[in-house]
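Read the figures in this text as sums done on the coordinates, not as results from a lab. Just so you know, these numbers come straight off a predicted model, no measurement behind them. Because the Cβ atoms are built from the backbone with ideal geometry, glycine has one as well, and the counts that use them run over all protein chains shown.
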Amino acid sequence: MHTPHGLPEQNLFCLPSSLVPTPWSRYAKPMIDFTSQRHEFAHTIQQALDNTISIKNLSGPGEAPERLVAAMRHGALNGGKRLRPLLVMQTADIFGIPEKQTLNAALAVELVHCYSLVHDDLPAMDDDDLRRGQPTVHKAYDEATAILAGDTLLAHAFALLAEEKCHPAPQIRANLVLELARGAGAGGMAGGQARDLEGENGGFSIDEISQMQDMKTGALICAAVRMGALLGKADKPQLDALTIYGKAAGLAFQLADDILDLTASAEQMGKATRKDAARSKPTLVSRIGLSAAERHLGETIHSALTALLVFGPEADGLRATAKYFAERES
């Protein structure tokens, strides 16, 4: 399995035998109200997105076109759990960084995620008509506008990281830009989507499926965690542990998504389900079966929680999010 950032390879499916006896579900319950935290933070991100995606804030040197901005708002403000920016905030919180000082970085990650959804829904990609229970951007507007809306969401994400209010230190801002670019680029999310399209022709091994999903879904989730660590000036052992957590959390999210695609209804998911099988998309669930995938999900969450043993209660937010990834129903 590919491991970015020079970390030693770790097979998330094959844990050391000394760790296996403690399943993730038996870890102590984090001492936070995760549901309240998640909803409150989602509201904060929603308000911040509402403020930043406006003609006024997006204009310069010329005035941003009204229809383009409306399409961007449709793609970014139409609900969403805001889990990736939550990971930025929770990781930064380990190091005592207040929410206000993480907001630009958190917003940048969410804008990249929203851009990817707008483009993934296009007819040339996944060809989806619904997203979060509403028409996708290309259905609500048109394909050309959807492409431009995604392009602009991506561009604005990096503008947010370049602003001084993101972090006063230029080197930290540059590191955040590099981290997000890697997570979103050819070796990350975009490259993973390209591999996903290739995989529809068949022939992918389990390792190749794992690499594809590690890039397509896991890279941006891991980048969100690492960006929070960069804001907190984590030392190398801390950053290494958080990177292992981020990779495991990303894999868990994708595994849960693949399981839900088979077991949840379209109403639950807010989008069409069972499309992976219809398009012969390569997933671990399709290769190893539902029961084995559910076991792997538990092992992966265990791996994520094990990585956080170097931290105390200050990492309870990340622990709760990992458990939520496994238990979510939509």
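Which is the longest stretch in the chain that no exposed loop site breaks, taking sites as GluC sites (Glu not before Pro) with a DSSP loop state and at most 12 other Cβ atoms within 10 Å?
Of all site-free stretches, the longest is 201-328.
Rg and Dmax of the chain, Cα atoms, in Å?
18.9, 61
Starting with the highest mean, order 131-140, 68-77 by the number of other Cβ atoms within 10 Å, averaged over the residues of each peptide. Don't jump to the answer; show the numbers that get you there.
On the way: 131-140: 19.3, 68-77: 21.6.
Top to bottom by mean Cβ count within 10 Å: 68-77, 131-140.
Once you list every other residue whose beta carbon is under 12 Å from the beta carbon of Thr321, what net charge do they have if Lys and Arg are +1 and Asp and Glu are -1? Walk me through the numbers on the way to the answer.
Numbers: positive: Arg38, Lys81, Arg82, Arg84, Arg319, Lys323, Arg328; negative: Asp93, Asp316, Glu327.
So the surrounding residues net to +4.
Rounded to a whole number, what is D in µm²/s for region 102-142 from Stokes-Einstein with the Kirkwood radius over alpha-carbon pairs (4 °C, 1.567 mPa s)? Present the calculation step by step, with values, prior to reporting the outcome.
On the way: Rh = 10.9 Å.
In µm²/s, the coefficient rounds to 119.
Is it possible to state the helix-based mean residue ellipticity at 222 nm for the chain, with each DSSP H run of 4+ residues giving -39500 (n - 2.57), the sum divided by total residues, to the nearest 500 deg cm²/dmol? What is it?
Values: 17 runs with 206 residues, N = 330.
Helix contribution divided over all residues of the chain: -19500 deg cm²/dmol.
Order the peptides 46-52, 282-288 from the highest to the lowest mean number of other Cβ atoms within 10 Å of their residues. Write out the running numbers ahead of the final one.
Details: 46-52: 15.3, 282-288: 19.6.
Highest-to-lowest ranking by the protection proxy: 282-288, 46-52.
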